[in-house]
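Below: one structure, written as structure tokens.
Throughout, read-outs are computed from the coordinates displayed, never taken from laboratory work. Because the structure is a prediction, the values reported are computed rather than measured. For neighbour counting, all protein chains shown are included, and Cβ atoms are generated from backbone atoms with ideal geometry for every residue, glycine included.
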Number of protein chains: 2
Amino acid sequence: MHSQRLRIGFVMLHTSPLDVPGTKDAGGMNVVVRAQAEALARAGHEVTIFTRRSDPAPAPRTVLASGLTVVQIDAGPPRLLAKGEHEGVMDRFGELLDAELRAAPVELLHAEHWFSGIAALPVARAHGVPLVQSYHSIAAPPESPLGAGERPESPGRLAGERRLAHEVDLVIAVSEAERRTVIERLDGDEDRVRVVPLGVDTELFHPCDSPECEEDRDWFGSGGRPEAIVVGRLHPLKGFDLVIDAIAVMDPARRPMLRVVGSPPPDGDDYARSLHEAVARHGLLATTAFDGALRRRDLAERIRRASIMLVPSHSETFGLVALEAAASGVPVIARDAGGLREAVIDGETGVLIPVDPAGDDPRVWAEAIDRLLADAPRRERMGAAARAYALRRSWDASAARLLEVYRELLARVSAPAQRETSVVSKE
Amino acid sequence: MHSQRLRIGFVMLHTSPLDVPGTKDAGGMNVVVRAQAEALARAGHEVTIFTRRSDPAPAPRTVLASGLTVVQIDAGPPRLLAKGEHEGVMDRFGELLDAELRAAPVELLHAEHWFSGIAALPVARAHGVPLVQSYHSIAAPPESPLGAGERPESPGRLAGERRLAHEVDLVIAVSEAERRTVIERLDGDEDRVRVVPLGVDTELFHPCDSPECEEDRDWFGSGGRPEAIVVGRLHPLKGFDLVIDAIAVMDPARRPMLRVVGSPPPDGDDYARSLHEAVARHGLLATTAFDGALRRRDLAERIRRASIMLVPSHSETFGLVALEAAASGVPVIARDAGGLREAVIDGETGVLIPVDPAGDDPRVWAEAIDRLLADAPRRERMGAAARAYALRRSWDASAARLLEVYRELLARVSAPAQRETSVVSKE
């Protein structure tokens, strides 16, 4: 439809697309941004990802693929920062981004996470290019209770997110759930929020295709235990404690192995420590593995060998790991919350546990786990349906939708009469 | 030399060759017995492994390969027993073994671990076949101090082991170190102890041969950390606590990832719990993985991806994992103790840490780890030498030596005049 090559700048201040997801501060967002950028580059566009240097090692510019470059910006010390520290480097990052864009202009900026949006907003105005915002996650309402080991949000976050909802040219939500949050919690303008669902790498994440893998999955029958896998940073939002408590209340003979993939975030390992303690307290050390962070292909191998994936997250904007399980032909038991209700089709590709009245009751999870593990034909049916569902959700399809949205925005901003003017000066 | 087909009965009372090493009570001994039995069967002999049923699932007879059968004997409850409980089922196991051998005679019995020896002794006498004993591990002297979480030996063990050293027809030691222990600690007759070194599966355990594997090992240079691996049941004898303490005293920027492979023994997880606590206390949760027990091929993959293996065991009769690391081209840092000094060639295939004066000093281990990790060419040289060393130590070579020893024994017992008579009646 449009063959014109776009020059697009992705701004990802606080975490690098070069980091391994599950390490440092890298999680699902890193996967998403990189996959989307790769798909845009494959479609013939030129994407530059601007990130803050958090490690002295990488070169200033890294060409990841034809049309895809990562630029390290030296704002603040070249080490990992705790989340709260990023607010202190946003201005400097913006100044250096401005200089980069003077040297190599783009037609559109797309900010990932609110730090990036706030840093990019004056730069976009100065260069007269539209700014698109993806939140990836949105702060919980200030009145919501903190989980064990969870820290309060930085005071600037909610204000920053609301400001972006009012001032950027377009907000991209990854799910209907996130779209509603932008409109309701951030007071976003309904006309300037578009849903672009994420994709999944169905080549990397695929069902078992080797005898070894099948043997692992069939191990249940020959004296082993089936395996339940949880994947994510070891943060209270992920709710992994609930899974440990659920397995503890199961009949010991029917308990699955539990595999925990992910490492603690850089701002604290209290929650990780509490998980290790819970496993020891419940006598589950012999049937629990803590894998730490895995590289993507090892993660894919781990997921496809599991019998089920559990996603007890208190909040997921999208729930990418659930879609990765689907691509791997692995059924998911997930909380019926946020984007998970779009990533899992209840009763078809997995099971959703209603939040009310008992979504936090370990016995409810234990029963759901036990029932699905006991029913191999149902798991197989769900696994096949899940794979079919994932195949319709490629990154190329996701990027095509994103481009449509970009084009629509560029058409709008090039017709200034139709645009509300924002009075935003640079600094 | 001898083409005659031997019928050999392996007696392995307390753990099954069908169990996955690292789970239940299965460890290096299960690997060894199965590999030796397979090599004997490949050489054309008929081997039956008699084991106590500890799980209702497996069939009474399992044919593992042509010439290799596992027979489950229903002595005691069909569940895992704690080590101390086995003494109560030895008599019953012997009675049922006797019945099995009446139906299908063997020419020689080979007992694995002392439980099996005591159970098999009267049976061998009743059937007039020689009994060969492998200890796999020998009780520590009663005066030696217990490690944290370690339980005292069952009172019958040392007496049982000494009785076997006096009464069996031949003791097989896996190393010079074990031969000396049999003679010195158990008062064994020097003429009736033979060393038959173990082998290693150099097809399963091989160096990296894929770009993914190489990439993992090279990750150090691209912002990751090298990986140190420890493998074994989570038991105080393995000394894994020392490795955790050593990594804790290293410069944080130079610490390796630590991968702990193995699960707690069935008689207690106190030690496993103390390891998790130590990792949390030292702030190492983000750089430590607890894999639990792995199947053999997954273990092999994990080992070949590691930069170094650490074997801080207080005692190893042989140290099979060190030889598996060698076969994988991975240098080993091990305590200069027991069989480890034969499994690792100090300065060539790895580094031996002298027991005195500082073998328990974490700083000594930290320095050795740091030095080897910092010297990639040395690691590469050692890895190549280690692989070459392992290639000379196949299981077929080990089994050929075992057969020589069997033949020598059978020749001796068929010449009764030269044999001391033991007066042992069957119950």
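What the table below lists for this structure:
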| quantity | calculated |
| --- | --- |
| DSSP beta bridges in chain B [antiparallel fraction, %, rounded to 5] | 10 percent |
| Modelled FRET efficiency - R0 60 Å, B:E215 with B:E85, Cβ distances, 0.05 increments | 0.80 |
| Charge dipole of chain A about the Cα centre (unit charges at C-beta), most positive-ward option of A:P60, A:T287, A:G359 | A:P60 |
| Nm distances between copies for A:R297, ranked from closest, using label points 7 Å along Cα→Cβ | 1.7 |
| Highest-first arrangement of B:42-53, A:28-39, A:183-194, where packing means the average Cβ count within 10 Å | A:28-39, B:42-53, A:183-194 |
| Residue mean of other protein chain beta carbons inside 10 Å, A:297-305 | 1 |
| Across the identical copies, how the B:R163 labels are spaced - nm, sorted shortest first, 7 Å along Cα→Cβ | 8.3 |
| Per-residue average of Cβ from other chains inside 10 Å of B:266-273 | 3 |
| Computed over chain B, the ratio Rg/Rh where both radii use C-alpha atoms and Rh is Kirkwood | 0.98 |
| Label geometry 7 Å along the beta-carbon vector: B:A384 inter-copy distances in nm | 5.3 |
| Formal net charge of residues neighbouring B:G232 (Cβ-Cβ distance under 10 Å; K, R +1; D, E -1) | +1 |
| Amide hydrogen neighbours beyond the local backbone of A:A75, cut-off 5 Å, H modeled | A:R53 |
| Segment B:211-391 shape via C-alpha gyration tensor axes, a/c threshold 1.5 | rounded |
| Spacing of the two label points (7 Å from each Cα toward its C-beta) at B:A400 and B:R163, in nm | 3.9 nm |
| Number of partner chain Cβ atoms within 10 Å, mean per residue of A:286-295 | 6 |
| Segments B:272-282, A:320-330, B:393-403 sorted - mean Cβ within 10 Å per residue, highest first | A:320-330, B:272-282, B:393-403 |
| For chain B, built as a Gaussian network whose Cα springs stay under 10 Å, the top-fluctuating residue of B:V168, B:V231, B:V63 | B:V63 |
| Burial ranking of peptide ranges B:359-370, A:347-358, A:298-309, A:259-270 (average Cβ count within 10 Å, highest at the top) | A:298-309, A:259-270, B:359-370, A:347-358 |
| Mean-position separation - Cα centroids, segment A:324-353 and segment A:57-132, in angstrom | 34 Å |
| Residues with amide H under 5 Å from that of B:F50, placed H, sequence gap 5 or more | B:F10, B:V11, B:M12, B:V71 |
| Estimated distance in nm for a label pair at B:D189 and B:L237, the labels positioned 7 Å out from Cα along Cα-to-Cβ | 2.7 nm |
